[in-house]
Amino acid sequence: MDDVTKSLNVTLAHTLADGHCFLHAVALQLNETPNSMQAYKFLMKAIETESTRNKNHYRNCIDENSGRLDLLVHIYLHSKIFDDAAENLIPQITSNALQKPIHIYSERDGGIWKTIVQPTMPQYIN
């Protein structure tokens with residue numbers, strides 16, 4: 001894995017293995033402090049706010065088998081269940097909440113795959 005991270009010019013960071021590794025990884029990028037609870041709590045609130053504010057947009061992103069949007073987000077945030085329905089939705093909500101692209105590296109099929117999730121919603125101004 002060290003060879004791969006060097007070739008991609010990225011650093012491998014270990015996060016808590018508590019079901020929220022995605023949030024911990026994003027929080028690390030926001031705060032640059034390992035396992036920062038302040039950035040983590042900020043992200044949880046931002047995801048909840050964004051999913052509520054733009055619920056009609058996100059409802060279109062989930063299929064009828066995934067259930068209700070508010071329940072799906074709540075289960076992810078509070079029960080830490082990152083299932084197939086949350087796999088694409090939570091990074092998109094996070095990208096929109098932060099108004100920043102999210103770069104996700106994953107290992108599958110014997111290789112490293114990079115996915116970039118771009119914001120799809122305009123910035124909300126209070």
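The values are calculated or read from the model by the stated rules, or taken from the named source; none is laboratory data. A quick note: this is a predicted structure, and the numbers were derived from the prediction, not measured. As a convention, Cβ positions derive from the backbone with ideal geometry for all residues, glycine included, and neighbour counts pool all protein chains shown. Note: accessible area is taken over every heavy atom of the protein model, side chains too, but ligands, DNA and RNA are not part of it. Shrake-Rupley method; radii C 1.70, N 1.55, O 1.52, S 1.80 Å.
If R0 is taken as 35 Å, the Cβ-Cβ distance between Tyr105 and His74 corresponds to a FRET efficiency of 0.80. Within the chain, the percentage of alpha carbon pairs spaced more than 20 angstrom apart rounds to 46%. For Thr120, the residues whose amide H sits under 5 Å from its own are Asn96, ignoring neighbours fewer than 5 places away on the same chain, with H placed 1.01 Å from N. Peptides 90-99, 44-53 ranked from most to least packed give 90-99, 44-53, packing being the mean of other C-beta atoms within 10 angstrom over each peptide's residues.
In this structure the chain gives 68 Å² per residue of accessible area when probed at 1.4 Å with all protein chains present. Here the accessible area of the chain is 50 percent carbon and sulfur, with a 1.4 angstrom probe and all protein chains present.
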